Each structure stands twice: as C-alpha cells, then as structure tokens.
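J.: The structure's right below; bear with me while I get my questions together.
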Amino acid sequence: MRPPLLRLLSIVVAACAIVMAVASPAHSVEYRWTPVGPNTWPAPGNWTPTRTVPDVTDRLVFDSGTSIQATGVPNETIAQLVVVNGTRIILNAASSGNVLTLAGDTGPDLEITGGSTLSLAGPNALLVNLGTGATGAIAGGLRAIGGGPRLQALDADAIAFSSGGFASSETGFTGNLFGTGAGASALNSVRFQAGSVYAQAAGANPFAAGQPSSVVIFEPGSLFRLDASISPSISGRTYANFEYNGPGSAIGSGTSACTIDSIVVNSGTLGLETNGMNGILNLRGSVRVRPGAQLNLGPISSGGVNYRLNGAVAQALIDSSGNSISNPGINIRPTVTLTIDNPAGIMSDGGVGTITVPGTLEFVQGIATLTLREALTGTTIGGSAATGWINGRITAYNLLPSNSTHTFPIGTATAYLPVDLTVHGMTDSISTGALVHSDVAFNPTYFLGSQLDTTKLVTQSWLVALLDTLAWTNFDAVMHFGPGDYGAGADPNSFVARKQSYRVGANTAADFQWRTAPTGSVTATSHQVVGVTRRIPSNTNFNFAIGEPTEVRISVLDAAIAEDVPALRTRDLPSLNVGNTVSMRVVLSEGATDPVAVDYQTSSGTATQGVDFGGTGGTISFAEGDTAFVIHVPITGDNDPENNETFTLTLSDAFRAVLDRDVATGTILDDDDVTPPSVSVLAPNGGETVLEGASVDLEWLATDNVVVNAVDLFLSRDDGATYEPIAAGLPNTGSFAWIVTAPLTPLARFKAVAADHRLQLGEDASDAVWAISDATGVEPVIPVAFAFDLASANPSRGTSRIRYALPRDQHVRLTIMDVRGRVVAVLKNGDEVAGLHEVAWEGRTGGGAAPAGIYFVSFRSEEWSAQRRIVRLR
C-alpha cells in the first residue's frame with residue numbers, strides 16, 4: 001500500500017493528464033489522393049498513406065495538378081477537404097443525397113486555391129456540409145454539374161469566395177447550390193467578395209430564402225452572371241455587378257426595392273420590371289448594353305416604378321446596341337420615374353448616345369451629361385442649380401396647344417443655364433428641344449458677324465429646336481445665366497440677343513447670318529427674346545447669342561483717278577463702275593445685323609466743285625449683312641498740265657453706327673504733264689576734296705513745268721559704277737547738309753534725282769570725280785597691285801593686325817585656320833572698294849580664346865589669293 005503522500009501525488013498527476021487530454025485533441029491525419037487502381041473514394045490504397053480506417057479527423061488533399069475524379073463518395077465526416085496546385089477534381093456520390101460533412105480543424109476546412117476546381121457532378125447529388133465552426137476559403141472554382149449537389153454551412157459567413165474565385169451552377173443543375181437557409185444551410189452563410197463570380201446557367205435563385213433574407217451575400221465588386229434565360233430574383237434583393245448572357249429573355253419582377261451596382265447585357269433581353277408604388281431599383285454603377293442586346297427597365301403598362309441612379313462615383317448609361325432610337329438598347333418604359341441622385345453625375349456614351357425617357361426624369365442631385373429624348377409622354381421635374389440638370393441636349397419634348405410652355409433644365413458641366421420656352425399660335429402638338437453650348441470650348445470666332453463684343457458677352461450660346469415647322473407662328477424664350485458667365489465689366493441690362501435660324505442638312509450662308517432677336521424682359525441673370533419667327537418656313541433650329549453690342553464703325557476711304565481715263569463699265573459689278581468718276585468706298589467695321597444709314601456730301605479743295613468735279617450728296621443705307629458702299633464722284637477732264645487736285649467727301653448723322661473716319665480725300669491725278677523735271681548738280685561737281693567727318697553742302701537745281709514733288713540724293717565712290725543712297729524724299733530746296741562718311745576715295749561723284757507729281761524722273765551727276773580724304777587732307781592712294789601681309793608682331797600675345805591692298809573693287813574673304821585646315825574665325829566676307837585695308841584679330845574663335853599655337857591667315861579675292869603663318873603665344 002502506497003504512503004498517503006504518494007497516493008495524493010498520483011491522483012494529482014492523473015488529474016492533470018485528464019485535463020491535458022481534454023484541452024489538446026488529436027490533430028488531423030493528412031491523406032493525399034494518389035489512386036493506384038479504380039478511382040473509388042473508399043479504396044484505402046487510393047490514398048497516401050493508406051487510409052484503412054476513415055476518421056473524423058482526416059484531412060483529405062487533392063494536389064496532383066491534373067484533372068482527376070473520385071467516385072463513390074459515401075456518407076462520411078472528415079475534418080478538412082483541400083484542392084490545391086491547380087488540381088481539377090470531380091466528386092461523384094455513391095448514392096444520391098450522400099453527405100460529406102466537414103467537421104473542421106485549424107485553418108480553412110474547405111480550401112480551393114486559385115487555379116484549382118472542385119466539381120460536384122454525376123447523377124447522384126453530393127452534399128458538402130460545413131459543420132459548426134467549419135469555414136471555407138475558395139479562390140479557385142466550385143462547379144455544380146447535374147442533379148442537385150449542394151455546398152452548405154451551418155454558420156453565417158462560413159464560406160468566402162475571394163478575388164478570382166467562382167461558383168457555377170451548370171446545365172442540368174436544380175435547386176439552390178448553397179441551400180435554402182434552413183437545416184444544414186444558414187442565412188448569410190456564403191459571401192462573394194470583390195473580384196469573385198457566381199455564374200448561373202441553371203437552378204433557382206441564388207438568394208434561396210424568402211426576401212429580405214438571403215443565404216448568399218454579394219459584396220461590392222463581385223459579379224452575378226446569368227448565363228441562361230432564367231428569371232432573376234429582383235424584389236428585395238441586393239446584387240453587386242449583374243451580367244446577362246442569355247440567348248433569350250429573362251424577366252425579374254417584384255414590388256420591393258432592389259439594389260444593383262452595375263448592369264451589363266451582352267446578349268438577349270433582360271427585363272428588370274419591379275413595379276407597384278414601392279417598386280424601387282437602386283442602380284449604383286454603370287449600365288451597358290452590347291450590340292444586339294436589350295435592357296427593359298420598368299413594367300410595360302402599370303406600376304409606379306422608380307429607378308434611382310444613386311451611386312457614389314460617376315455612372316454611365318452606355319447603349320452600344322446599335323438599335324434605333326425607336327428601339328433602343330436601354331429601353332426605359334413610360335411607367336418609369338428615372339431619378340438622378342448621384343452628386344458625381346451620370347453620363348451617356350457609345351452607340352446612339354441618346355437616352356429616351358418617356359416617363360419622368362427627376363433630379364435630386366447630380367448633372368446628367370447625355371442627350372435626353374423625352375419622347376411624346378415624357379416630362380422632367382426637379383431640375384435646378386441645386387439639384388442638377390442636363391449637360392447636353394434635350395430632344396423630342398412634346399408641347400401641346402393646351403400646354404405650350406416648358407422649361408428645359410439644361411446647362412454646362414459647371415453651370416445651370418435653363419431655357420423657358422413658350423410657343424404661340426400652335427395648331428397641333430410640336431416636338432421641341434434645347435441645347436446649351438459649353439464655355440469650356442468657348443471660341444470668339446463663333447460670334448463673328450453677331451455685332452456682339454466678345455469681351456462682354458455670355459460665353460455660352462443656346463439652341464432651341466421646334467421640329468414641326470407648320471404648327472406655330474412665333475415663340476418667346478428666356479435664357480438664364482449667372483454673373484460668372486459673362487465678361488468682366490459687362491452690363492446685362494445692356495445685353496441684346498442675336499439669332500441664327502436654319503434647318504439641319506439644308507443650309508445656305510444666309511441661314512447662319514446673325515440677325516437681331518427682339519428683346520423682352522431683361523434681368524441680371526436672364527434675357528428674354530420675344531416673337532421669334534422663321535427666316536424661311538422650313539427653319540427648325542434657332543441659335544441665340546447674348547451680350548453687349550459692339551459699335552458698328554463707319555469709315556470713308558481716300559481714292560484717286562487720272563482725270564482723263566476713259567469710261568469703263570464693269571458688267572458684273574455695276575456698283576464698282578469707274579472712269580470719269582472717283583470711286584469713294586464707305587465701309588462698315590462688320591456686317592450690319594440691322595439696317596445702318598449715314599449721310600454724305602462732297603466739298604471743294606484744290607479742285608473746284610462744279611468745275612473739276614460734280615458735287616454729290618445724299619444718304620447711304622446698308623442692308624443686313626452689307627459691309628461696303630461705293631460713292632461715284634464724277635470728274636471733268638482737261639488738257640492743261642497742272643498739279644494734282646483734291647476734293648473732300650464728308651460723312652455725317654450716322655444711324656445705328658458711329659463715325660470712325662468721317663472725312664476722305666478724293667484726288668484728281670493730272671495726266672496731261674508728259675515732261676519730266678530738269679536737274680543740274682552744282683556742287684561738288686568735280687575736282688573738289690572733302691574731309692571725312694566734315695559737313696558739306698550738296699547743291700542742285702531742279703525745275704518742272706508743273707511741280708517737283710521730291711528729290712533723292714546718291715553718292716558713288718567708284719566713278720559712277722555704283723551708287724549708294726544719301727537721302728530720299730527731300731523737298732526741292734536745292735541744298736542738303738551732308739556729313740562726309742568713309743571709306744575714302746579719289747573717285748567720288750554726287751547724283752540728284754527729281755520726281756514730279758506724275759512720278760516722272762529727271763537726274764544729273766557731278767561732271768567729274770572728286771575726292772574724299774582723311775583728316776590729314778591727303779588723298780587716298782589706289783594700289784597698283786594686290787598685296788597681303790601682317791602689320792603687327794608675329795608671334796603675338798595680343799591683337800594681330802592684317803593689312804591688304806586692292807587695286808580694284810573685289811569680294812574679299814579673310815579667315816583664320818588651324819594647322820588641320822579648319823576655319824576657326826572669319827574676319828571678312830564681303831565686298832571691298834579699291835584701296836588699303838586693315839583688319840584686326842584679337843585671338844578669338846567661335847569657341848572662345850584661341851589656344852597658343854600655329855595658325856594660318858588665308859586671303860582670297862576674285863582675282864588673287866595668299867596665305868601667311870601666324871603664331872599665338874600664351
């Protein structure tokens with residue numbers, strides 16, 4: 001018998017052993033599928049190690065990386081099922097309804113990694129059930145093929161499909177893949193995370209339980225893909241991204257609110273027909289319909305369905321179906337209220353680019369950048385600067401004689417600029433539309449011809465369309481804008497409106513001529529045009545521009561003609577007839593948008609009215625678009641040589657314009673004087689010597705039978721072979737003080753050229769050569785031969801002087817070359833007169849100071865060349 005102390009110690013140790021056994025259960029045994037015979041699940045030899053006694057702690061792993069199959073799966077409980085390494089395993093149950101229960105252990109209990117696939121297939125449905133505490137992590141794929149296989153979990157959030165993971169219920173599948181939320185299936189037990197996909201080609205709706213309960217949760221960024229013509233569950237459901245690829249039609253209906261992030265219809269027809277007073281479909285993302293497909297929004301004939309575009313980022317409605325406007329890809333039915341409730345806005349893109357809303361378009365918040373077609377039954381509510389508007393165009397809004405007023409809620413990307421339209425004289429309904437051109441692309445040239453000051457106008461312009469050209473007489477329109485929509489200093493109370501009326505596809509230049517639109521009520525933020533009519537009956541579109549008018553300026557231009565030019569009549573332009581008249585042009589700074597008028601009158605100058613020309617006066621009227629008018633003043637010719645004569649034409653009393661240049665001179669050019677001026681050079685005239693830098697009077701005598709208008713003076717340094725200008729356009733004073741300039745020469749001559757009023761020329765030059773000397777008074781010596789040499793020390797650290805002699809005028813090129821024959825400096829490249837010349841080289845090249853070394857000076861002229869060596873020292 002043990003002592004009491006030993007017995008007590010034994011009891012304590014045994015108790016600890018029992019506690020430890022309870023706290024630390026046995027870990028799973030891992031088996032790998034490596035079949036050696038028939039691929040039946042129960043065969044022990046198909047597992048490594050051999051699975052002789054299956055146990056609830058078994059961890060079964062499929063990791064061969066190939067496509068394999070395991071048949072005859074029995075009713076069995078294991079700890080974990082793992083498919084990894086790109087393995088594609090197909091499980092077949094031994095009997096229909098067999099259950100493979102995953103009891104759980106450390107880590108995911110159903111693990112399917114990326115690139116791996118678990119397929120539940122065959123005629124016998126296999127149920128894979130996750131027990132309490134068990135979890136599933138699927139980054140690969142789960143396929144349900146045929147029968148009614150299931151993947152079910154007893155806990156909420158037990159199974160997660162991560163990015164890249166997918167589940168598919170394929171042809172032949174029946175029921176709900178993840179159970180119905182009862183029994184072995186818990187509500188909210190399966191979660192599709194961003195980047196994962198549930199593709200359904202068969203079976204019941206994935207939510208399974210009655211709404212608002214659900215077995216499956218679609219998180220933002222996940223995708224539900226409907227690949228068959230199965231009616232999707234809509235009422236009370238929440239999807240993330242929804243894609244339809246069915247060959248035919250699928251219709252989802254119900255009365256409770258539904259939420260979908262984005263919708264893509266790739267083929268067939270998808271109908272989302274929530275209805276009833278509580279029918280709301282929240283669209284939080286973009287909608288795209290591919291070529292040939294169609295999306296129907298709203299029930300056909302009844303219900304008060306509301307589709308709300310209420311995402312947090314910009315949403316797009318993209319109709320690239322290629323269908324016509326009457327059969328759009330995104331088909332919004334008349335029973336729909338389409339609500340824009342997204343501060344980031346919505347837009348339309350691709351295909352027709354037009355969204356037709358035959359019901360109600362409601363603005364809560366956000367700008368819609370699209371072309372809206374309201375159709376015959378459509379209406380718009382709630383548009384304002386605070387709630388949102390259409391940044392684009394609105395077309396096909398139907399006005400009725402009983403309700404002929406409508407506000408178009410349009411604007412730019414940044415400003416609400418609506419148009420209030422009232423049509424008068426309606427005899428039938430009219431399809432109308434409106435558009436505002438954005439200031440983002442503001443181009444002042446667009447307003448040319450509008451007589452609006454481009455620095456003081458509203459930088460947007462509006463278009464109003466009345467597509468029925470027969471059922472109305474005229475209309476009023478109010479254009480709205482803000483203080484930031486026009487130039488600084490502009491006064492909206494001074495604004496006027498200009499219009500263009502035209503018909504798309506059948507336009508002429510006259511259609512785009514700006515004309516005045518009568519102004520009605522004007523405020524600091526609005527401008528009304530009243531009684532707008534068509535230029536021609538077929539006009540349907542009307543552009544409007546608003547701003548301060550420019551001042552149309554009127555000018556009269558000088559003109560001249562010889563007095564005895566024979567009369568000449570131009571057949572095609574009678575307004576420009578000339579001959580025995582002086583044609584005086586009166587011009588406007590821009591084409592008139594309204595009639596402009598001005599008075600004119602001639603008066604005598606050196607020409608006598610009634611003797612030399614016929615007096616004329618009256619009023620000129622410019623019609624819309626005119627820019628010029630020609631006044632023909634008749635003249636009387638004679639045969640007397642005389643000076644040119646002038647008269648004056650004066651403008652006054654301008655109407656709708658201001659005088660810019662109101663007086664012009666008409667000149668009657670004498671054409672009877674045929675004798676040029678007579679000129680004699682007086683000094684220096686030969687034999688004189690003048691000093692460089694001195695002031696010398698150049699003297700001449702010029703006479704004419706009418707007048708000498710101007711005298712030009714010239715100097716030759718080579719005995720008259722060439723001349724250079726001294727002065728031009730001098731009055732005929734007979735003397736000009738000239739400061740004598742180099743180069744020196746013993747062969748100078750002076751020439752004077754006189755012009756009369758008819759530009760007839762007379763000239764004379766010095767009778768003999770005279771000399772230009774330096775300050776010593778010694779006349780320059782002309783060398784008798786070419787010569788070239790250095791005139792400074794060689795070698796040299798400073799400036800080197802090169803001297804050369806020219807017996808005749810030559811073109812000279814003087815360069816410095818290095819020992820490799822490369823030109824490093826050009827000292828002279830131009831014409832030189834005969835004589836002695838000197839050029840300095842300061843030791844500089846194009847790259848800076850020339851380094852010490854040997855260089856060569858090269859001299860070349862038209863008749864002679866030479867070369868000298870020169871040395872530069874440090």
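J.: Just to check your reading of the model, which residue among Thr387, Thr412, Thr427, Thr377 is touching a residue at least 24 places away in the same chain (Cβ under 8 Å), within 16 Å of Gln460 (Cβ to Cβ) and not aliphatic (A, V, I, L, M)?
T.: Thr412
J.: I'm trying to understand the selection: among the residues of the range 608-627, which are hydrophobic (A, V, I, L, M, F, W, C) and within 14 Å of Ala664 (Cβ to Cβ)?
T.: Of everything in the range 608-627, those that are hydrophobic (A, V, I, L, M, F, W, C) and within 14 Å of Ala664 (Cβ to Cβ) turn out to be Phe613, Ile620.
J.: Report, by residue number, each residue of the range 519-534 that is at pLDDT 90 or above and in a loop (DSSP other than H, G, I, E, B).
T.: Passing the criteria: Ala524, Thr525, Thr533.
J.: Of the residues Gly210, Gly179, which single one is open to solvent by 40 Å² or more (accessible area, probe 1.4 Å) and either basic (Lys, Arg) or within 23 Å of Cys258 (Cα to Cα) (or both)?
T.: Gly210
Residue by residue, here is whether (1) modelled with pLDDT under 90; (2) out of contact with any Gly (no Cβ under 6 Å at 6 or more places or on another chain); (3) small (Gly, Ala, Ser) holds:
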| residue | (1), (2), (3) |
| --- | --- |
| Ala375 | yes, yes, yes |
| Thr387 | no, yes, no |
| Gly392 | yes, yes, yes |
| Thr395 | yes, no, no |
| Leu400 | yes, yes, no |
| Thr414 | yes, yes, no |
| His437 | yes, yes, no |
| Tyr446 | yes, yes, no |
| Gly449 | yes, no, yes |
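J.: Tell me which residues, restricted to the range 306-358, are open to solvent by 10 Å² or more (accessible area, probe 1.4 Å), assigned to a strand (DSSP E or B) and of a type in the set (S, T, N, Q).
T.: Within the range 306-358, Asn306, Asn331, Thr337, Ser348, Thr354, Thr356 qualify.
J.: Considering only the range 468-495, state which residues are open to solvent by 20 Å² or more (accessible area, probe 1.4 Å), under 30 Å from the mean Cα position of the chain (by Cα) and among the aliphatic types (A, V, I, L, M).
T.: Passing the criteria: Val478, Ala488.
J.: Against the definition (among the aliphatic types (A, V, I, L, M), closer than 30 Å to Ala852 by Cβ and open to solvent by 50 Å² or more (accessible area, probe 1.4 Å)), how does Val824 come out, yes or no?
T.: no
J.: Could you tell me how many of the residues in the range 65-79 are open to solvent by 20 Å² or more (accessible area, probe 1.4 Å), in a loop (DSSP other than H, G, I, E, B) and in contact with a strand residue (DSSP E or B) (Cβ under 7 Å, 6 or more places away or on another chain)?
T.: Total meeting the criteria: 2.
J.: Are any residues in the range 649-664 within 44 Å of the chain's Cα centre (by Cα) and not β-branched (Val, Ile, Thr), and if so, which ones?
T.: Across the range 649-664, the qualifying residues are Ala654, Phe655, Arg656, Ala657, Leu659, Asp660, Arg661.
J.: Now, a different point. Counting just the residues of the range 767-781 that are among the aliphatic types (A, V, I, L, M) and modelled with pLDDT of 75 or more, which one comes out surrounded by the fewest Cβ atoms within 10 Å (Cβ to Cβ)?
T.: Only one residue fits best here, namely Ala768.
J.: Could you tell me which residue of the range 794-821 is surrounded by the fewest Cβ atoms within 10 Å (Cβ to Cβ), considering only residues that are among the hydrophobic types (A, V, I, L, M, F, W, C) and under 12 Å from Arg869 (Cα atoms)?
T.: If we take residues in the range 794-821 being among the hydrophobic types (A, V, I, L, M, F, W, C) and under 12 Å from Arg869 (Cα atoms), then Val819 is surrounded by the fewest Cβ atoms within 10 Å (Cβ to Cβ).
J.: Further question on the same structure: When only residues in the range 679-725 that are of a type in the set (Gly, Ala, Ser) and within 12 Å of Val753 (Cβ to Cβ) count, which is least open to solvent (accessible area, probe 1.4 Å)?
T.: Per the stated criteria, the residue is Ala702.
J.: Further question on the same structure: Are there any pairs, at least 6 apart or on different chains, whose C-beta atoms fall under 6 Å, with the first in the range 308-323 and of a type in the set (D, E, K, R) and the second open to solvent by 50 Å² or more (accessible area, probe 1.4 Å) and not in a strand (DSSP E or B), and if so, which?
T.: Sorted first by the residue in the range 308-323, then by its partner, the pairs are Asp319/Gly351; Asp319/Val352.
J.: Can you name every one of the strands (runs of 3 or more DSSP E) wholly within the range 121-191 that holds 1 or more residues which are of a type in the set (Gly, Ala, Ser) and over 19 Å from Ile230 (Cβ atoms)?
T.: Result: 136-138, 141-144, 150-153, 159-161.
J.: How many residues does the range 147-167 contain that are out of contact with any Leu (no Cβ under 9 Å at 6 or more places or on another chain) and not aliphatic (A, V, I, L, M)?
T.: Of the residues in that region, 4 qualify.
J.: How many residues are of a type in the set (D, E, K, R), touching a residue at least 40 places away in the same chain (Cβ under 8 Å), open to solvent by 60 Å² or more (accessible area, probe 1.4 Å) and not in a strand (DSSP E or B) when one looks only at the range 535-563?
T.: Summing the residues that are of a type in the set (D, E, K, R), touching a residue at least 40 places away in the same chain (Cβ under 8 Å), open to solvent by 60 Å² or more (accessible area, probe 1.4 Å) and not in a strand (DSSP E or B) in the range 535-563 gives 2.
J.: Sticking with this structure for a sec: Say we look at the range 639-678 and pick out the residues that are acidic (Asp, Glu) and exposed (fewer than 14 other Cβ atoms within 10 Å of the Cβ); which of these is modelled with the highest pLDDT?
T.: Asp653
J.: Which residue out of Gly45, Gly97, Gly147 is of a type outside the set (Lys, Arg), open to solvent by 20 Å² or more (accessible area, probe 1.4 Å), within 27 Å of Ser222 (Cα to Cα) and out of contact with any strand residue (DSSP E or B) (no Cβ under 6 Å at 6 or more places or on another chain)?
T.: Exactly one residue qualifies, and that residue is Gly147.
J.: Please state which of the following conditions Thr407 fails to meet, knowing it meets all the rest: (1) open to solvent by 40 Å² or more (accessible area, probe 1.4 Å); (2) touching a residue at least 24 places away in the same chain (Cβ under 8 Å); (3) more than 21 Å from Thr337 (Cα to Cα); (4) of a type in the set (Val, Ile, Thr).
T.: With respect to (1) open to solvent by 40 Å² or more (accessible area, probe 1.4 Å); (2) touching a residue at least 24 places away in the same chain (Cβ under 8 Å); (3) more than 21 Å from Thr337 (Cα to Cα); (4) of a type in the set (Val, Ile, Thr), Thr407 is out only on (3).
J.: Name the single residue, out of those in the range 855-872 being among the hydrophobic types (A, V, I, L, M, F, W, C) and open to solvent by less than 70 Å² (accessible area, probe 1.4 Å), that is farthest from Pro746 (Cα to Cα).
T.: Val871
J.: Counting only residues that are farther than 24 Å from Asp774 by Cα and either loosely packed, with under 12 Cβ neighbours inside 10 Å or among the aliphatic types (A, V, I, L, M) (or both), how many does the range 828-850 have?
T.: Looking only at that region, the number is 7.
The values are calculated or read from the model by the stated rules, or taken from the named source; none is laboratory data. Remember, it's a predicted structure, so these values are computed and weren't measured experimentally. FYI the Cβ positions are ideal-geometry reconstructions off the backbone, even for glycines, and counts take in every protein chain you see. These accessible areas exclude ligands, DNA and RNA; they are computed on the full protein's heavy atoms, side chains included. Shrake-Rupley method; radii C 1.70, N 1.55, O 1.52, S 1.80 Å.
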